[in-house]
Amino acid sequence: MTNFLQWLMDPKRRGALLVTPAIVLLFVMNIFPLMWSFGLSFFHYKASSMKPPRFAGLYYYEKVLSDPVVWERFQTTAVIVTASVLMQMVIGFGLALLFAKKFPLRREIMMLVLTPMMLSFVAVGVFFKLFYEPTFGLLSQAMMYFTGEPFGLLATQAGAIFGIVFADAWMWSPFVMLLVLAGLVSVPDYLYEAAEVDRATPWQRFKTVTFPYVKGLLLLALLFRTIETFKLFDVVYIITNGGPGTSTETIAVYVYRVAFQFFKTSQSSALSYILLFVVIVLTNLYLYFVNRREREA
Amino acid sequence: MFATKKKNRALREAGWGRTLVAGFIGLIYFSPVLWIVMTAFKTRQDALATPPKLFFEPTLDNFVRVFYRVTTDGDQLSTGMGLYFFNSIFIAGAGVLLAVVIGTLAAYGFSRYPLRGNDTYLFVILTTRMLPPIVVIVPIFLMFRVTGLSGGYIGIILLYAMFNLAFSVWMMKSFFDELSADVEDAARLDGANDLAVFFKICLPQLKAGLAATVVFALILTWNEFLFALLLTGSDTRTVPVAMARAMGGQLGVDWGLLAAIITLFLVPVFAVTYMLQNHLLRGVTFGTVKK
């Protein structure tokens, strides 16, 4: 026993000792289940039936990749991700410029803007569902003032997608703001002074002085938000539940349906692995830029 | 060799004009939250009034109805919401405690005793957090069904520990990396053992960072929906799941009640966000971007 303790506490093993509990927890609760579902994706298996799994080879991968519905869901997701991330970048950048100066009550006012990203997706979904509600929602009432008719934003595909994008962008623009603000704060004052001496126009000053300092962080914000928005589930689930029809079903909502409403376990596992691959590629890219930024600093 | 920190760099002064503009924009930005909080204090008629009422007589009725419902016989029945709030606190608390303890140890290891393939481990750990929850939940759901962990406290707590582990490791590693190793070496020369170095030298310097990590993880867990939706039972249900269920009511949505639940749900988040402001950037990027 004491020998074992001595062996364990050997300074050579200090790193491994410290890291092991974390690796064990991750293995049991994440990596092992993922390997299990990787296995299942090669078998015929339904979680709702008692039939033992039957080997299926690559059948489900072929099925998923050749399924037009899956591609439709990817397209919906791509539209939402593009629109939302773009909106977040623009609004976030604007907000960052607003808060890049010191002024009285700055900290308090910044709270108003920063709060949304700390809220739960469910709560945000409820806010906007109430806001878009056709009979007494604020949006419908404002439209009624002009057109005299109630307005159901969520009744059409374009409207529903806009509704989701708006809610998501509202929630996450502060994230972009924080990153951009970190860049803006790091611009050395002497560069601004030099630009003043050179009588640079505001646009020139922005392009040659400010932007280079913000560029890297902007890229990180873009990647990070793309990864996160790609997983969008809760807001869609609450606001439209994929409707009208299935026109706002993102890939995450679709996997949820396949797995827990139709119980097509193998198919959802195969689909999950395709998502996993996408996220791993994006995360790699993100970390590459994080490391590059740290090397440059 | 101390890293020079340019933390509180002087921003250029803009004055009260900027306060007005920013305050106005901030209020517009914040208005959805304000609107929900106002709705929570409205009577049913006021909540559904057209045109919407900005001024009204506030009532606490909705908040009472969050916890008690009065039957036609005049009896007061619990709605179970008290239990759901307790569950949210208990599950998030236990999960985060586990994650932060294990995560801090691992972060210290990764920072001070790099292993072969250190970056690979860190990458795999971050990936577990970046994965869409839906990808993770399918196999976990199956595993919990086989092991009987579904619907109980232990399963969901372990799951949230996993969910927060990547975050804790990356956050705490970013804080450990900023500490100067010189102080630790000096302490070692004075004969302090590794345990003393960790507890007496490192941790005291990181109180703020540790607090930020804990609080951030608490909020992330407090807000989490999908795992809770699929893996909690009627006794272990958390507030977000209860909120989503209140949305799906058959007799139309009781907005006043829902707004009251949300308001109660948000209070801790507001308080904590204010305290965390200086650490928000690091927190929302899982420790990958420090400043």
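The values are calculated or read from the model by the stated rules, or taken from the named source; none is laboratory data. Keep in mind it's a predicted model, so treat the numbers as computed, not measured. Cβ: placed from backbone, ideal geometry, glycine included. Neighbour counts: every protein chain shown.
The table below gives the values:
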read-out	value
Matching residues, region B:236-255, being at pLDDT 85 or above and more than 9 Å from chain A (Cβ to nearest Cβ)	B:THR236, B:ARG237, B:THR238, B:ALA242
Criterion (of a type in the set (Phe, Trp, Tyr), assigned to a loop (DSSP other than H, G, I, E, B), buried (at least 20 other Cβ atoms within 10 Å of the Cβ) and within 19 Å of the chain's Cα centre (by Cα)) met by exactly one of B:PHE286, B:PHE227	B:PHE286
A:PRO150, sole failed condition from (1) modelled with pLDDT under 85; (2) part of a helix (DSSP H, G or I)	(2)
In region A:108-129, the residues that are within 7 Å of chain B (Cβ to nearest Cβ), of a type in the set (Val, Ile, Thr) and more than 12 Å from B:LEU280 (Cβ to Cβ)	A:ILE109, A:VAL122, A:VAL126
Residue that is surrounded by the most Cβ atoms within 10 Å (Cβ to Cβ) [pool: residues in region B:121-158 that are in contact with a Pro (Cβ under 6 Å, 6 or more places away or on another chain) and aliphatic (A, V, I, L, M)]	B:ILE140
A:TYR190 being more than 10 Å from chain B (Cβ to nearest Cβ), part of a helix (DSSP H, G or I), among the hydroxyl-bearing types (Ser, Thr, Tyr) and without any contact (Cβ under 8 Å) to a residue 12 or more places away in the chain	yes
Residues of region A:60-106 that turn out to be assigned to a helix (DSSP H, G or I) and of a type in the set (D, E, K, R), as a count	5
One residue from B:THR104, B:THR79 being at pLDDT 90 or above and over 15 Å from the mean Cα position of the chain (by Cα)	B:THR104
In region A:130-144, residue nearest to B:GLY283 (Cα to Cα) [restricted to those that are part of a helix (DSSP H, G or I) and more than 7 Å from every other protein chain (Cβ to nearest Cβ)]	A:TYR132
Selected residue (criterion: modelled with the highest pLDDT) from residues of region B:1-35 that are within 7 Å of chain A (Cβ to nearest Cβ) and over 20 Å from A:PRO174 (Cα atoms)	B:TRP16
Members of region A:196-235 that are among the acidic types (Asp, Glu) and under 21 Å from the mean Cα position of the chain (by Cα)	A:GLU228, A:ASP234
Region A:1-24, residues that are more than 30 Å from B:VAL96 (Cβ to Cβ) and not aliphatic (A, V, I, L, M)	A:THR2, A:ASN3, A:PHE4, A:GLN6, A:TRP7, A:ASP10, A:PRO11, A:LYS12
Matching residues in region B:100-120 - criterion: being facing chain A (nearest Cβ under 7 Å) and either assigned to a helix (DSSP H, G or I) or surrounded by 20 or more Cβ atoms within 10 Å (Cβ to Cβ) (or both)	B:ILE102, B:GLY103, B:LEU105, B:ALA106, B:TYR108, B:GLY109, B:PHE110
Region A:25-39 - residue that is touching a Leu at 6+ places or on another chain (Cβ under 8 Å) and over 23 Å from B:VAL96 (Cα atoms) and, of those, surrounded by the most Cβ atoms within 10 Å (Cβ to Cβ)	A:SER37
Qualifying residue in region A:236-244 (condition: facing chain B (nearest Cβ under 8 Å), more than 16 Å from the chain's Cα centre (by Cα) and crowded, with 18+ Cβ neighbours inside 10 Å)	yes
Test for A:ALA200: is it part of a loop (DSSP other than H, G, I, E, B) and away from chain B (no Cβ under 14 Å)	yes
For A:GLN267: the one exception among (1) within 19 Å of A:MET89 (Cα to Cα); (2) surrounded by 19 or more Cβ atoms within 10 Å (Cβ to Cβ)	(1)
Flag for A:LYS63 being in contact (Cβ under 8 Å) with a residue 60 or more places away in the chain and within 14 Å of chain B (Cβ to nearest Cβ)	no
Selection status of A:ALA83, among the small types (Gly, Ala, Ser), within 8 Å of chain B (Cβ to nearest Cβ) and either touching a helix residue (DSSP H, G or I) at 6+ places or on another chain (Cβ under 9 Å) or in contact (Cβ under 8 Å) with a residue 12 or more places away in the chain (or both)	no
Check on A:SER84, hydroxyl-bearing (Ser, Thr, Tyr), buried (at least 20 other Cβ atoms within 10 Å of the Cβ) and closer than 30 Å to A:LEU184 by Cα	yes
Flag if A:ALA252 is touching a Pro at 6+ places or on another chain (Cβ under 7 Å) and surrounded by 22 or more Cβ atoms within 10 Å (Cβ to Cβ)	yes
Which numbered condition A:PHE4 fails, given (1) of a type in the set (Phe, Trp, Tyr); (2) facing chain B (nearest Cβ under 9 Å); (3) more than 29 Å from the chain's Cα centre (by Cα)	(2)
When residues of region B:61-81 are limited to those that are among the charged types (D, E, K, R) and within 17 Å of B:ILE261 (Cα to Cα), the one surrounded by the most Cβ atoms within 10 Å (Cβ to Cβ)	B:ARG65
Residues satisfying the stated conditions in region B:43-80, i.e. in contact with a Gly (Cβ under 6 Å, 6 or more places away or on another chain) and not polar (S, T, N, Q)	B:ARG44, B:ALA47, B:PHE67
Subset tally (residues that are over 18 Å from A:LEU65 (Cα atoms) and at the interface with chain B (Cβ under 9 Å from one of its Cβ atoms)) for region A:265-290	7
Residue list for region A:181-196, restricted to those being under 15 Å from A:LYS102 (Cα atoms) and either surrounded by fewer than 12 Cβ atoms within 10 Å (Cβ to Cβ) or of a type in the set (Val, Ile, Thr) (or both)	A:VAL185, A:VAL187, A:ASP189
Subset of region B:151-197 [β-branched (Val, Ile, Thr) and under 32 Å from the mean Cα position of the chain (by Cα)]	B:ILE154, B:ILE156, B:ILE157, B:VAL169, B:VAL197
